[in-house]
Amino acid sequence: MARRTFKVILIKPSHYDADGYVIQWWRSLVPSNSLASMYGLMAECAAAKTLGEDVAIDIEAYDECNTTIDVRSAIRKITHAGSGFVGLVGVQSNQFPRALDLARQFRAADVQVVIGGFHVSGCLSMLPDMQSDVQTALDLGVIVFAGEGEGRIASLLRDMDAKQAKPIYNYLADLPEMAAATLPILPRWAVTRIAGHYTSFDAGRGCPFQCSFCTIINVQGRKSRYRTPDDVEAIVRANAEQGITRFFVTDDNFARNKNWEAILDRLIELREQHKFNIKLLLQVDTLCHRIPGFIQKAARAGCTAVFIGLENINPESLMGTKKRQNKIWEYRDMLQAWKKAKVMTYAGYILGFPTDTPQSIARDIEIIKKELPIDILEFFFLTPLPGSEDHKNLVMRGVPTDPDMNKYDLEHVCTAHPLMSKESWERVYADAWTQYYTDAHVEKVMRRAVVAGINRTKLLDSLVAFSGAALIEGVHPLQFGYVRRKVRTQRRPGLPVVNPILFYPWRAYDALSVGLKWLRRALRYRAILKRVEADPNKASYVDEAMQPASAEGVDHFVEVFADKIPKTHGAPLRHAEAAEPAMAK
Ligand code: B12
Ligand code: SF4
């Protein structure tokens, strides 16, 4: 029988919108894997009675994207227990200001706080000096945790319980093995706050590539580490016991996970022989179709959608950021291969590479619409994220970057562009969403999907959600959810808390006008789908993106960029080159 309780409250902070309200929803769209990882680690310590037989470790976990954090109640619970702490989990750079605002309130009540995640890990890994906001956290008495938690939480808990925690725990130089590492898990009540009851796990960490805008390689390393098929099966079974079988596999690039085949085989076995209704969302690279059997096995294992880091179609931009592995002449084959397997594709596209101009971006988006069979396209600003080589270079050269970390969400301009003013870069971002999600193009995407046999309801929902998130709610789809909440009292410090008499009528009007816009968009897209479905010739629809890429040697759009492709890079020969005599080269 436990004689005392050590209370752990894990919070995954959100961040502020342009009006200073915390971005949160009734249901969020994507689960937080960082929260699942930390919950799993804490639960393991609770089961092992890390703090002694007579101490119960009691854990609560909240994602602020779908839950309003009751700071006073959390303080009461920890104070009442007599010991414990608040863990600010998986804090990215854009969430760091919000995390600090939460931490200030807990520290004012003398509650211990630990902060971990990519911002502190990225800053400590790349910058020679302590970044000022991390120093602010330390000055508040917040404990900073850099590196990964696996294998380190028991000793942290003992230090916290003894109130003898160090200011900084830095495990960046000692990355834990993933084989047999603690499994990420969240209790069912936390997962039901995610639309579609998706949960997550990472089947591996680290990436062998070296894109200069990426933080992952500098935090999780360039050597890939993997979970075993047994561990993945254990994650699936533990979740299935609570009725959850949909997973977002958060590996940045599951196709480079050396255990991909063994893991997919195990998932196929669980689906086909043991009747687990597994659904998977995977992140993959643009060369995955070259791996024999990868796409087919992913589809059999329950993969219904993939996120692909397309990033750009201009080879010059890709070379400039060392994304050499993206070969544009492979894009169409790759996208068609996923279509053939009835898997929806979400592609990320970065705006603001050094040679980009408003005209070149507008041209490239038209090329994509015409020539690449992508379902959902999402746009990002090229952003110098703390932890990336790009950020380090700017800091070391003393180039000004926006000091407000809240803006490092890939939806804001954070540094100067060589060819575009801040305003024109911002306009380019806003226009990109409008340019891609025209009704005519939405119809084209639906027509291609009907021919491919892709789930139409899922496609319709995604088209509405991804276009509406940016164009109606003004937030990126990756931080979107259903039914926006704005809590009057949780406004960014420095901005006034609006009087209730003014706030609630404004909020009612705001919610109603946004709701109507959603309704109009949903009805419009539904009408388009109905029209497509009613077309007697729908099965014979064909356009350029659906034609074989290699029919005439190279895609039409590859010709546009042919001069930019390095000769050493394995691109197919162009007609003109092929005709040249060998001596002339
Ligand atoms: C899945 C994912 C998402 C998911 C879920 C978020 C999540 N955190 O789970 C979604 C789609 C929502 C998402 C969104 C965004 N993401 Co994201 N995402 C990822 C991804 C691919 C995996 C995250 C993950 O699960 N990692 C594994 C976990 C276990 O690692 P971890 O968070 O670092 O946690 C470990 C340690 O840090 C430590 N730790 C963490 N917290 C704590 C707390 C305590 C108390 C302790 C002791 C230890 C500790 O222990 C943990 C276990 O080892 C990462 C890249 C990556 N490889 O990590 C990018 C990444 C985190 N995302 C990033 C970005 C920029 C975003 C977005 C802003 C942009 C965007 N539009 O994509 C949005 C933000 C919106 C939002 N509200 O979150 C950047 C962050 C970089 C930075 N410096 O901030 C990353 C690193 C990718 C990149 N481009 O470089 N993302
Ligand atoms: S952006 Fe993706 S492919 Fe490039 S280094 Fe990062 S994780 Fe790897």
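Within segment 559-571, does at least one residue satisfy the condition of being away from ligand 1 (no atom under 16 Å from the Cβ), modelled with pLDDT under 95, part of a loop (DSSP other than H, G, I, E, B) and small (Gly, Ala, Ser)? Quick ask: steps written out before the conclusion?
Step one: of segment 559-571, the residues away from ligand 1 (no atom under 16 Å from the Cβ) are 559-571.
Checking the rest, the ones that are also modelled with pLDDT under 95 come to 559-571.
From what's left, part of a loop (DSSP other than H, G, I, E, B): 561, 565-566, 570-571.
Keeping just the survivors that are small (Gly, Ala, Ser) gives 570-571.
Yes; the residues of segment 559-571 include at least one that is away from ligand 1 (no atom under 16 Å from the Cβ), modelled with pLDDT under 95, part of a loop (DSSP other than H, G, I, E, B) and small (Gly, Ala, Ser).
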Q: Please go through segment 67-85 and pick out each residue that is open to solvent by 60 Å² or more (accessible area, probe 1.4 Å) and not in a helix (DSSP H, G or I).
A: Asp70
Q) In segment 477-488, is there at least one residue being within 20 Å of Gly348 (Cα to Cα), at pLDDT below 95 and open to solvent by 20 Å² or more (accessible area, probe 1.4 Å)? A) yes
Q | Hey, Ile308 at pLDDT below 95, more than 16 Å from ligand 1 (Cβ to nearest atom) and on the phi < 0 side of the Ramachandran plot or not | A | no
(Q) So, in segment 192-205, exactly how many residues are surrounded by 21 or more Cβ atoms within 10 Å (Cβ to Cβ) and either more than 16 Å from ligand 2 (Cβ to nearest atom) or more than 15 Å from the chain's Cα centre (by Cα) (or both)? (A) 6
Q. Arg332 fails exactly one of the following numbered conditions: (1) among the basic types (Lys, Arg); (2) out of contact with any Asp or Glu (no Cβ under 7 Å at 6 or more places or on another chain); (3) on the phi < 0 side of the Ramachandran plot. What is the number of that condition?
A. (2)
Q: Report, by residue number, each residue of segment 227-252 that is within 16 Å of ligand 1 (Cβ to nearest atom), farther than 19 Å from Ala195 by Cα and in contact with a helix residue (DSSP H, G or I) (Cβ under 8 Å, 6 or more places away or on another chain).
A: Arg227, Val232, Asp252
Q. So Tyr346 fits all but one of (1) under 17 Å from the mean Cα position of the chain (by Cα); (2) modelled with pLDDT under 95; what number is the exception?
A. (2)
Q. Going through segment 507-547 one residue at a time, which ones are surrounded by fewer than 13 Cβ atoms within 10 Å (Cβ to Cβ) and of a type in the set (A, V, I, L, M, F, W, C)?
A. Ala508, Leu512, Leu516, Leu519, Leu523, Ala527, Ala534, Ala539, Val542
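For every residue, the table says whether it meets (1) open to solvent by 10 Å² or more (accessible area, probe 1.4 Å); (2) touching a residue at least 12 places away in the same chain (Cβ under 8 Å).
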site: Val120; (1), (2): no, yes
site: Leu127; (1), (2): yes, yes
site: Met130; (1), (2): yes, no
site: Asp133; (1), (2): yes, yes
site: Ala146; (1), (2): no, yes
Q: Could you tell me which numbered condition Arg237 fails, if it satisfies all but one of (1) within 16 Å of ligand 2 (Cβ to nearest atom); (2) at pLDDT 95 or above?
A: (1)
Q. How many residues does segment 141-159 hold that are among the charged types (D, E, K, R) and closer than 13 Å to Val219 by Cα?
A. 1
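Does Asp101 satisfy the criteria of being closer than 23 Å to His476 by Cα, in contact (Cβ under 8 Å) with a residue 24 or more places away in the chain and more than 16 Å from ligand 2 (Cβ to nearest atom)?
When the stated conditions are applied, Asp101 passes them.
If we keep just the residues of segment 489-503 that are hydrophobic (A, V, I, L, M, F, W, C) and out of contact with any Ser or Thr (no Cβ under 7 Å at 6 or more places or on another chain), which is least open to solvent (accessible area, probe 1.4 Å)? Break it down into steps so the answer makes sense when it comes.
Initially, segment 489-503 is screened for residues hydrophobic (A, V, I, L, M, F, W, C), giving 495, 497-498, 501-503.
Subset that is out of contact with any Ser or Thr (no Cβ under 7 Å at 6 or more places or on another chain): 495, 498, 501-503.
Working: Leu495: 72, Val498: 40, Ile501: 133, Leu502: 116, Phe503: 3 Å².
Ranking the candidates gives Phe503 first.
Restricting to segment 2-39, give me the number of residues that are small (Gly, Ala, Ser), closer than 23 Å to Phe85 by Cα and buried (at least 19 other Cβ atoms within 10 Å of the Cβ).
Just the residues of segment 2-39 that are small (Gly, Ala, Ser), to begin with: 2, 14, 18, 20, 28, 32, 34, 36-37.
If we keep only those that are closer than 23 Å to Phe85 by Cα as well, we get 2, 14, 32, 34, 36-37.
Okay, now just the ones that are also buried (at least 19 other Cβ atoms within 10 Å of the Cβ), so 14, 32, 34, 36-37.
Counting residues in segment 2-39 that are small (Gly, Ala, Ser), closer than 23 Å to Phe85 by Cα and buried (at least 19 other Cβ atoms within 10 Å of the Cβ) gives 5.
Quick check, is Phe353 within 16 Å of ligand 1 (Cβ to nearest atom), assigned to a strand (DSSP E or B) and farther than 22 Å from His289 by Cα? Show your work before the answer.
Numbers: within 16 Å of ligand 1 (Cβ to nearest atom): yes; assigned to a strand (DSSP E or B): no; farther than 22 Å from His289 by Cα: yes.
Judged against the criteria, Phe353 is not a match.
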Q: Scan segment 175-210 for residues that are under 18 Å from Val284 (Cβ atoms) and either within 9 Å of ligand 1 (Cβ to nearest atom) or touching a Cys at 6+ places or on another chain (Cβ under 7 Å) (or both) and jot them down.
A: Ser200, Phe201, Asp202, Arg205, Gly206, Cys207
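Using the structure shown, decide if Met42 is open to solvent by 20 Å² or more (accessible area, probe 1.4 Å), touching a residue at least 60 places away in the same chain (Cβ under 8 Å) and within 12 Å of ligand 1 (Cβ to nearest atom). It would help to see each step written out before you state the result.
Details: open to solvent by 20 Å² or more (accessible area, probe 1.4 Å): no; touching a residue at least 60 places away in the same chain (Cβ under 8 Å): yes; within 12 Å of ligand 1 (Cβ to nearest atom): yes.
Here the answer is no, as Met42 does not meet what is asked.
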Q: Check Arg484 against each of (1) of a type in the set (D, E, K, R); (2) in a helix (DSSP H, G or I); (3) within 16 Å of ligand 1 (Cβ to nearest atom) and name the one condition it does not meet.
A: (2)
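Give me the residue from segment 206-224 that is in a helix (DSSP H, G or I) and more than 9 Å from ligand 2 (Cβ to nearest atom) and, out of that set, surrounded by the fewest Cβ atoms within 10 Å (Cβ to Cβ).
Residues of segment 206-224 in a helix (DSSP H, G or I): 216-219.
Right, trim to more than 9 Å from ligand 2 (Cβ to nearest atom) and you get 218-219.
Working: Asn218: 21, Val219: 26.
Selected residue: Asn218.
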Q. Is there any pair with a first residue in segment 201-226 that is without any contact (Cβ under 8 Å) to a residue 12 or more places away in the chain and a second that is open to solvent by 30 Å² or more (accessible area, probe 1.4 Å) and within 9 Å of ligand 2 (Cβ to nearest atom) whose Cβ atoms are under 8 Å apart and which are 6 or more apart or on different chains, and what are they?
A. Ile217/Phe209; Ile217/Gln210
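Kindly check whether there is at least one residue in segment 37-48 that is at pLDDT 95 or above and part of a loop (DSSP other than H, G, I, E, B).
Of the residues in segment 37-48, the ones at pLDDT 95 or above are 37-48.
From what's left, part of a loop (DSSP other than H, G, I, E, B): 48.
Scanning segment 37-48, I find at least one residue that is at pLDDT 95 or above and part of a loop (DSSP other than H, G, I, E, B), so the answer is yes.
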Q.
Give me the residue from segment 78-100 that is touching a Gly at 6+ places or on another chain (Cβ under 8 Å) and under 25 Å from Ala2 (Cα atoms) and, out of that set, nearest to ligand 1 (Cβ to nearest atom).
A. Gly87
Q | Pair list, Cβ < 9 Å and 6+ apart or interchain, from segment 286-304 residues that are more than 21 Å from Lys458 (Cα to Cα) to residues that are open to solvent by 30 Å² or more (accessible area, probe 1.4 Å) and part of a loop (DSSP other than H, G, I, E, B) | A | Thr286/Lys327; Leu287/Lys327
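Quick one: which helices (runs of 4 or more DSSP H) lie wholly within segment 365-463 and hold at least 2 residues that are surrounded by 18 or more Cβ atoms within 10 Å (Cβ to Cβ) and within 16 Å of ligand 2 (Cβ to nearest atom)?
Values: elements: 389-397, 422-436, 439-452.
It comes to 389-397.
The values are calculated or read from the model by the stated rules, or taken from the named source; none is laboratory data. This is a predicted model, so every value here is computed, not measured. For neighbour counting, all protein chains shown are included, and Cβ atoms are generated from backbone atoms with ideal geometry for every residue, glycine included. The accessibility values were calculated without ligands, DNA or RNA, using every heavy atom of the protein model including side chains. Shrake-Rupley method; radii C 1.70, N 1.55, O 1.52, S 1.80 Å.
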